[in-house]
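The structure appears below as structure tokens.
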Amino acid sequence: MPSSIAGLPEEPGIHPMSAPMEEVEQPRGVAPLAATTGSMIYIWYWGRWSLGPASVCLGARRPLAIYIATPGYYTLYEYYYYPGSSWPYRVVPLNLGYRTSGWYMLWFIADTLGWHALVIRSSSGSWYNSNILWVYVTSCGPVPPPRPCACSVSLWIPQTWYPAGTNVIVQYTLNGQARVLRFSVTGPWTYITKTKVPASPGTYSHTFVIGRGTYTVTVEATCNDGCVARDTRTITGT
């Protein structure tokens with residue numbers, strides 16, 4: 001373990017690395033890769049260094065290897081997601097202080113079920129940030145499910161039934177950045193669509209006159225990571 005990393009403050013989920021529990025789990029003196037072009041973060045997974053995604057049993061721990069490409073001040077952020085959620089409910093920073101170029105070792109502690117996203121950010125700007133390492137903490141199992149989207153959407157409609165001829169106000173919310181945000185209403189003799197390219201986080205609204213029959217209201221976002229988030233509601237006019 002490099003002496004420069006000793007004494008880092010402990011934070012939930014991320015701890016300074018001590019002696020490995022098992023020799024086979026953390027080969028001594030072995031770096032994940034011989035060289036890399038930027039700051040990187042790896043996890044020891046299935047007997048090798050990996051950029052993820054990885055799966056870790058709840059309560060277990062795995063070694064992390066961090067490569068700092070450019071000297072500077074860095075912070076390691078851990079984003080927590082509930083199982084099935086696409087928006088973090090908690091962010092835990094670990095101040096790494098000033099770091100020279102080279103490899104540093106930490107432990108990942110699987111303290112909470114769900115997805116965890118780890119990224120190293122530099123005070124010098126996003127150009128020096130690392131990759132995003134996705135780790136899924138499960139009750140136990142080696143194969144992670146699909147990772148959560150980088151954004152999420154939700155619809156709000158006051159009720160599910162309206163008299164025909166009523167003005168229906170629909171609100172839809174985007175959490176996170178999206179390449180494309182689409183809103184649509186389909187029903188008898190009705191097809192309404194609105195598109196924003198790109199779209200910023202916020203709450204939007206649309207009003208339309210409902211007729212007789214069943215209408216489907218949908219909001220769909222193509223997130224910056226390519227994942228598609230969607231929410232749909234059905235309402236009836238009589």
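Scanning the range 213-238 for residues that are part of a loop (DSSP other than H, G, I, E, B), touching a Ser or Thr at 6+ places or on another chain (Cβ under 8 Å) and surrounded by fewer than 13 Cβ atoms within 10 Å (Cβ to Cβ) gives no hits. When each of ARG99, ARG90 is tested for being without any contact (Cβ under 8 Å) to a residue 12 or more places away in the chain and in the same structural domain as LEU58 (by TED's automatic domain parsing), the lone residue that passes is ARG90. Criterion applied to GLY202, GLY211 was being on the phi > 0 side of the Ramachandran plot and in contact with a strand residue (DSSP E or B) (Cβ under 7 Å, 6 or more places away or on another chain), and the one residue passing it is GLY202. Here the range 161-199 is the region considered, the condition is being under 16 Å from ARG230 (Cα atoms) and of a type in the set (S, T, N, Q), and the residue that is surrounded by the most Cβ atoms within 10 Å (Cβ to Cβ) is ASN175. Answer yes or no as to whether VAL137 is outside any loop (DSSP other than H, G, I, E, B), in contact with an Asp or Glu (Cβ under 7 Å, 6 or more places away or on another chain) and either modelled with pLDDT under 90 or surrounded by fewer than 12 Cβ atoms within 10 Å (Cβ to Cβ) (or both). It is false that VAL137 is outside any loop (DSSP other than H, G, I, E, B), in contact with an Asp or Glu (Cβ under 7 Å, 6 or more places away or on another chain) and either modelled with pLDDT under 90 or surrounded by fewer than 12 Cβ atoms within 10 Å (Cβ to Cβ) (or both). Annotation: ILE169 fulfils all but one of (1) at pLDDT below 90; (2) over 30 Å from PRO71 (Cβ atoms); (3) among the β-branched types (Val, Ile, Thr); the unmet one is (1). Note on the range 22-58: among residues that are in contact with a Pro (Cβ under 9 Å, 6 or more places away or on another chain) and among the charged types (D, E, K, R), the one that is modelled with the lowest pLDDT is GLU25. One residue stands out in the range 185-216 among those that are under 15 Å from LEU174 (Cα atoms) and of a type in the set (Val, Ile, Thr): the one that is farthest from the chain's Cα centre (by Cα), namely THR195. Scanning the range 45-60 for residues that are farther than 15 Å from ILE132 by Cβ and either under 20 Å from the mean Cα position of the chain (by Cα) or part of a loop (DSSP other than H, G, I, E, B) (or both) gives TYR45, TRP46, GLY47, SER55, VAL56, CYS57, LEU58, GLY59, ALA60. Inside the range 200-212, residues that are surrounded by 15 or more Cβ atoms within 10 Å (Cβ to Cβ) and of a type in the set (A, V, I, L, M, F, W, C) make up a count of 2.
Okay, residues lined up against (1) within 24 Å of TRP87 (Cα to Cα); (2) outside the structural domain of TRP87 (by TED's automatic domain parsing); (3) free of Cβ contacts under 8 Å to residues at least 40 places away in the same chain; (4) not acidic (Asp, Glu):
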site: LEU113; (1), (2), (3), (4): yes, no, no, yes
site: ASN129; (1), (2), (3), (4): yes, no, no, yes
site: ARG179; (1), (2), (3), (4): yes, yes, no, yes
site: ALA199; (1), (2), (3), (4): yes, yes, yes, yes
site: GLY213; (1), (2), (3), (4): no, yes, yes, yes
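Within the range 125-134, being modelled with pLDDT of 80 or more and assigned to a loop (DSSP other than H, G, I, E, B) holds for ASN129, SER130, ASN131, ILE132.
Only one of the listed residues (GLY176, GLY102, GLY165, GLY97) is at positive phi and in contact with a Gly (Cβ under 8 Å, 6 or more places away or on another chain). That residue is GLY165.
The values are calculated or read from the model by the stated rules, or taken from the named source; none is laboratory data. Keep in mind it's a predicted model, so treat the numbers as computed, not measured. Methodologically, a virtual Cβ is constructed for each residue, glycine included, from the backbone with ideal geometry; neighbour enumeration extends over all protein chains shown.
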